[in-house]
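> The following block contains the structure, expressed as structure tokens.
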Amino acid sequence: MTNWLTDDEQLAWRTYSSATRLLFDRLERDLTSQSDMPVTYYELLVILSEAPDRTRRMSDLARFTRSKPSRISHAVNKLEQAGWVRREHFAADRRGWLAVLTDEGMAALEAAAPGHVESVRAHLVDLLTPEQLQQLREIHQVLLDHLVDEE
């Protein structure tokens, strides 16, 4: 027997679903228009910028972004074409590849970051009180813990 959502539960679900979809669409549009960089590429550059030696295994990038390896490979190809990333063989695994953030990639990330942060502030952070922001973090941590545990 299906445990249907109550009216309040359905309203909460639909509001959450619509708001997150619109938020990510807006962040994507803002970043692309300001920096000519899709959010996916920005996310990859951030991950690489925070890694030791600005280097990560391609398989780690796929895992961190919850993406298929083929999608990461395609994105890294585009980032290579832009001169922002280079690939290197992983010495410990002949089949493995590393993605390395170049100086040009770091410069592109540093140029894009202020506009992206401004967009995140304008469309999320600054709209909420500190208490609401804390609640948002706590709620999403519950979801994250649950969903990661299921994998």
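Taken together, the values in this text are just the output of simple stated rules run on the coordinates, not laboratory data. Note that this is a predicted model, so its numbers are computed, not measured. Here Cβ is always computed from backbone atoms with ideal geometry, including for glycine, and neighbour counts include all displayed protein chains.
> Let me know the charge dipole size of the chain about its Cα centre in debye, to the nearest 20, where only the beta-carbon of Lys, Arg (+1) and Asp, Glu (-1) is charged. Write down the numbers at each step before the final one.
On the way: 18 positive and 25 negative charges, 152 e Å.
Here the size comes out at about 740 debye.
> Continuing with this model, one more query. Pull up all non-local amide H partners of VAL85: gap of 5 or more, or a different chain, and H-to-H distance under 5 Å with H placed in the peptide plane.
GLU80, THR102
> For the chain, what is the calculated [θ] at 222 nm in deg cm²/dmol (nearest 500), taking -39500 (n - 2.57) for each run of four or more DSSP H residues and dividing by its residue count? Please list the in-between numbers first.
Working: 6 runs with 103 residues, N = 151.
So the helix-based figure for the chain works out to -23000 deg cm²/dmol.
> Rank the residues TRP84, TRP4, TRP13 as a footprinting-exposure proxy: fewest other Cβ atoms within 10 Å of their Cβ go first. All intermediate terms of the calculation are to be shown ahead of the outcome.
On the way: TRP84 24, TRP4 7, TRP13 11.
By the 10 Å Cβ count, ascending, the order reads TRP4, TRP13, TRP84.
> Considering the dipole of the chain built from charges on the beta carbon (Lys and Arg +1, Asp and Glu -1) around the Cα centre, which of ALA19, HIS123, SER70 is farthest to its positive end?
Value computed over the given set: SER70.
> Also, I was wondering about something else. Would you please give the residues with an amide H less than 5 Å from that of TRP97, counting only those at least 5 places away or on a separate chain, with H modeled from the backbone geometry?
Excluding prolines and chain starts, which carry no amide H, the hits are MET58, SER59, PHE90.
> Now a separate question. Only counting other Cβ atoms within 10 Å, I'd like ASP30, ASP36 sorted with the fewest neighbours first.
Values: ASP30 18, ASP36 11.
Neighbour counts put them in this order, fewest first: ASP36, ASP30.
> Translational diffusion coefficient of the chain at 25 °C, 0.890 mPa s, Stokes-Einstein with Kirkwood Rh over Cα pairs, in µm²/s as a whole number.
Values: Rh = 17.7 Å.
For the chosen part, D equals 139 µm²/s.
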